[in-house]
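Take a look at the structure set out below.
Where a number appears in this text, it was derived from the coordinates with a stated rule and is not lab data. Predicted, not measured: the structure shown is a model, and the values here were computed from it. In this analysis, Cβ positions are derived from the backbone assuming ideal geometry, glycine residues included, and neighbour counts consider all displayed protein chains.
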Amino acid sequence: MADSSARKRIAIIPGDGIGIDVTAEASKLLHHLAATRRLPLELVTFDWGADQYLREGVSLPAGALEMLRRDFHAIFVGALGDPRVPSNQHAADILLGIRFGLDLYVNQRPVKLLDARLCPLKSRVERDVNFVIFRENTEGLYAGVGGNFKRDTPDEIAVQEDVNTRKGVERILVYAFEYTRVRGLKKLCMSDKSNALPFGHGLWRRAFQEVRQRYPDVESSHLYIDTLAMEMVRDPGQFEVIVTSNMFGDIISDLGAQLQGGLGVAPSANIHPGAVSMFETVHGSAPKLAGKNLANPMAAFLTVGMMLDYLGWAGESTRIENAVRDAIRQNKTTPDLGGSLGTREVGEWIVEELSH
């Protein structure tokens, strides 16, 4: 648990597109809480994104990781991606650079339905969709190991390696089990594809069998990833905690987001326990909507809540979630959630709600 009385420095990276729009509302919320709830917060904004990349050819400046590690407690990222950079190299450099460079090995994606009408599954209510997905965040198919031979010829060979280490697999399993125990939950499901990937995911199965023995109080189970995806749709209420590999976690966390109403209400965290960690909206930068007061800021608010919880202010996190739930139920939202407000007006409503 973080010391909630000490000053917390937060690096703000608005990024590109609607990332700038939703981060403005997130920053407004943080400033409001700092002033009215006396949270000792200091926000420092960095203009890392497409504009800087196109202007200077720099995505993540030299020394940035060391500075973040040394001088900050958390990082908030709006969204990255710009059509002027077709490869989105700057986004990869910044997001993956921070994830890998700061060893943020836990990707946490809560899947929590705040209003039944947002769920695309018939007859599902809030209690049916309430679980969390933990994704290993620094290895797997996203480790960047591989290459091309005879590129751009009919004989091209492309190899992408799935990197799994005992240390990396075990620490994400332990984190998920500890979370389950500390939060008073009962059920954890580990998912892999060890029947088709016996080497890399065989390691996951063996590590899981060993780690689960340390947590006899947790009802732990295993599902292959294709079965898990089907079960998430058939009966999401059976899950409390899910833990899986990098690529599979990427896919099923977006499936989970759809169950709760879409990426516009899906927060996320990239965590190294006890160290500076990154909290990120995952809905993308939607360049066509940028600057038009149309972007849905709810994921940004819920992500702020996750960040405050990590920094030691669980009560403030709960207050933010309750305010977002009230906004959705009262249609004080952007049109994609059924309301008629703009981005700024939603932000103003949430701030006003938190003033009561």
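Results, tabulated for the structure shown:
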item	result
Highest-fluctuation residue, Q108, Q258, Q330 considered, GNM on the chain with Cα pairs under 10 Å	Q330
Rounded if a/c under 1.5, otherwise prolate or oblate - segment 135-192, Cα gyration tensor axes	prolate
Cα gyration tensor shape for segment 108-262, rounded if a/c is under 1.5, else prolate or oblate	oblate
The chain, relative contact order in percent, only Cα pairs under 8 angstrom and at least six apart counted	23 percent
Net charge over other residues, Cβ less than 10 angstrom from the Cβ of G347 (K, R count +1; D, E count -1)	-3
Chymotrypsin sites (Phe, Trp or Tyr not before Pro) restricted to segment 300-344 and DSSP loop, no more than 14 other C-beta within 10 Å	none
In order through segment 276-286: 3J(HN,Hα) via Karplus (6.51 cos²θ - 1.76 cosθ + 1.60), integer Hz, x for Gly, Pro	4, 10, 10, 10, 9, 6, 10, 7, x, 8, 5
Linear extension gain, R205 paired with A314, 0.36 nm per residue minus alpha-carbon span	35.9 nm
Potential lengthening between R181 and H356 on full extension [0.36 nm per residue; Cα-Cα distance subtracted]	59.6 nm
Cut-off under 5 Å, modelled amide H: who pairs with S277 long-range	A74, I75
Within segment 68-146, trypsin sites (Lys or Arg not before Pro) in DSSP loop having at most 13 other beta-carbon neighbours inside 10 Å	R84, K122
For segment 144-154, Karplus couplings with θ = phi - 60° (6.51, -1.76, 1.60), whole Hz, Gly/Pro x	x, 9, x, x, 10, 10, 6, 4, 6, 10, x
Cα-projected label distance for R84 with A229, points at 7 Å along beta-carbon direction, nm	3.6 nm
Coil-residue trypsin sites (Lys or Arg not before Pro) of segment 145-181, DSSP, other Cβ within 10 Å capped at 16	K150, R151
Euclidean distance of C-alpha centroids, segment 124-165 and segment 174-241, integer Å	18 Å
Simple label model, 7 Å out from Cα along Cβ direction - S123 to R38, nm	5.2 nm
